[in-house]
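Below is one structure; the comments refer to it alone.
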Amino acid sequence: MNCEQIKKLLYFYIYDELNNPELDEYISLHLEECDECYEFYEDLIDEIQENKNIESISAYIDNELSSKDSIQVKKNIISNKNFREEFEKLSEVSSLIKNFFSKQEYNVKNDYSKLIFRKLDLAEKVYGKSLFPEIVAIFVVIFIGLFIATVAIFGI
Amino acid sequence: MQTYKSVEQLVVNAQKNDYKALEELVKKVQRKVYTTLLYLNKSEDNISDMTQEALIKMVKSLSSLKSPKAFNSWLNHIVMNIFYDSIRKKQHKPEMYSIEDDDRFHQIPDKFGLPIDKAIYSEADKKIQKEILNLPEHFRVVIIMRELQGLSYEEIANATNTNLNTVKSRIARAREKLQISLKNYI
Ligand SMILES: [Zn+2]
């Protein structure tokens, strides 16, 4: 195996996901002998660690860590400058997006309630029975009454 | 008039055929449903129809919701299904653009404005909007669920058919991407 092939497998090697003890052994030996691959391996571990830190800071912001992990992140934020800066940046981006979305939500002026209750045939139950037909009927009766009265009085 | 009730209380009352509570519930959630669909879909096309469809489904099946506490994630399932259905429908129509189509995307900021007052958009808001819409879909979906809907990681994992670690990693990476592209506004 050449160095490029080894490098491609290192991620799986670190996560113990090779599922091949011989390959595992082969890579271990290679790392002991080859400086170039060993350096790559160390960088990869740093990168993975950094990603993990960012993930736990982000989950900490969302209150999604176990209390044990949450205490650990809190300690790191207090004691480590890089950690603290990352925490501040991610918190700010989170509230920026949250505020943006709530502004967007607030600015939606459409009201679909009447429309959907009508479509669902629930308008009467939600808004009560409409009095419109009754009111029209009363006016019609009054009008006819007046008409008949007019005819009767003036005898046209 | 009883107002300012919690969503959960409105759900409980609406399930007991309290129609005023049902009306209030619809009014309370419709903006969030609309905004969610708008940012999932990336354009205003059909958002009104999709919002109505979601609200109708919600009212129709509200009685089948077992736990009022789970209302938000339950409603989210309805909304997501409608969104994925609309993608499937679009894929059957060759004349429509694909979701990630660049040209279409660049038109979006101008397309907002029918229900949303254009004047309220500051430069910063326009930029934030652009960068959210610019996120790859699997990042955009988790950010909408987390920052707009306020769902928990577990609820997001269920809704996206993934696990907690994936959700955790996607939210973190989406935030990092946004942090980089929006660093002038933070
Ligand atoms: Zn090597």
**Request:** Using only Cα atoms, locate the centre of the range A:87-156 and the centre of the range B:30-92, then give the distance between them in Å, rounded to an integer.
**Result:** 23 Å
**Fill in**
For the A:E32, A:E92 Cβ pair and Förster radius 45 Å, calculated FRET efficiency rounded to 0.05 is 0.55
**Asked** For the range A:1-53, what class follows from the C-alpha gyration tensor (a ≥ b ≥ c being the square roots of its eigenvalues): rounded when a/c is under 1.5, otherwise prolate if a/b is larger than b/c, else oblate?
**Response** oblate
**Prompt:** Once the piece of chain linking A:A137 and A:N110 is laid out straight, how much longer is it, given 0.36 nm per residue of separation minus the C-alpha distance between them?
**Reply:** 6.3 nm
**Item:** A:E33 accessible area, 1.4 Å probe, all protein chains in place, Å² to nearest 10
**Value:** 140 Å²
**Asked** Treating the beta-carbon of each Lys and Arg as +1 and of each Asp and Glu as -1, no other charges, what is the dipole magnitude of the protein assembly as shown about its Cα centre, to the nearest 20 debye?
**Response** 2740 debye
**Average accessible surface area per residue within chain A, 1.4 Å rolling probe, Å²** = 71 Å²
**Request:** Could you check the simple spin-label distance between A:E25 and A:L44, using points 7 Å along Cα→Cβ, in nm with one decimal?
**Result:** 2.0 nm
**Request:** Return the sequence-ordered ³J(HN,Hα) values of the range B:19-25 in whole Hz as given by the Karplus equation 6.51 cos²θ - 1.76 cosθ + 1.60 applied to θ = phi - 60°, using x for Gly and Pro.
**Result:** 6, 5, 5, 4, 4, 5, 4
**Message:** Regarding the range B:1-92, what's the average projected area of the Cα-atom convex hull, expressed in nm²?
**Reply:** 6.0 nm²
**Asked** How large is ³J(HN,Hα) for each residue in the range A:65-74, as worked out from phi by the Karplus curve 6.51 cos²θ - 1.76 cosθ + 1.60 (θ = phi - 60°), to whole Hz, x for Gly and Pro?
**Response** 9, 5, 4, 5, 5, 5, 5, 4, 5, 4
**Phi to ³J(HN,Hα) by Karplus 6.51 cos²θ - 1.76 cosθ + 1.60 over the range A:30-46, Hz, x for Gly, Pro** = 4, 5, 5, 9, 9, 5, 4, 5, 5, 5, 4, 4, 5, 4, 5, 5, 4
**Prompt:** Under a plain spin-label model, where a point goes 7 Å from the Cα along Cα-to-Cβ, how far apart in nm are B:L164 and B:S63?
**Reply:** 3.7 nm
**Buried accessible area, chains A and B (both chains, 1.4 Å probe, Å² to nearest 100)** = 4200 Å²
**Fill in**
Extension length gain for B:D18 and B:D85 (0.36 nm per residue less Cα distance), in nm, is 21.0 nm
**Request:** In square nanometres and to one decimal, what's the mean projected area of the convex hull around the Cα atoms of the protein assembly as shown?
**Result:** 29.3 nm²
**Message:** With unit charges on the beta carbons (Lys and Arg positive, Asp and Glu negative) and the dipole taken about the Cα centre of the protein assembly as shown, which residue among A:V151, B:M50, B:A70 sits farthest to the positive side?
**Reply:** A:V151
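The values are calculated or read from the model by the stated rules, or taken from the named source; none is laboratory data. These figures come from a predicted structure and were not determined experimentally. Using ideal geometry, Cβ is built from the backbone for each residue, glycine included, and neighbour counts are taken over all protein chains shown. Note: areas computed on protein heavy atoms with side chains; ligands, DNA, RNA excluded. Shrake-Rupley method; radii C 1.70, N 1.55, O 1.52, S 1.80 Å.
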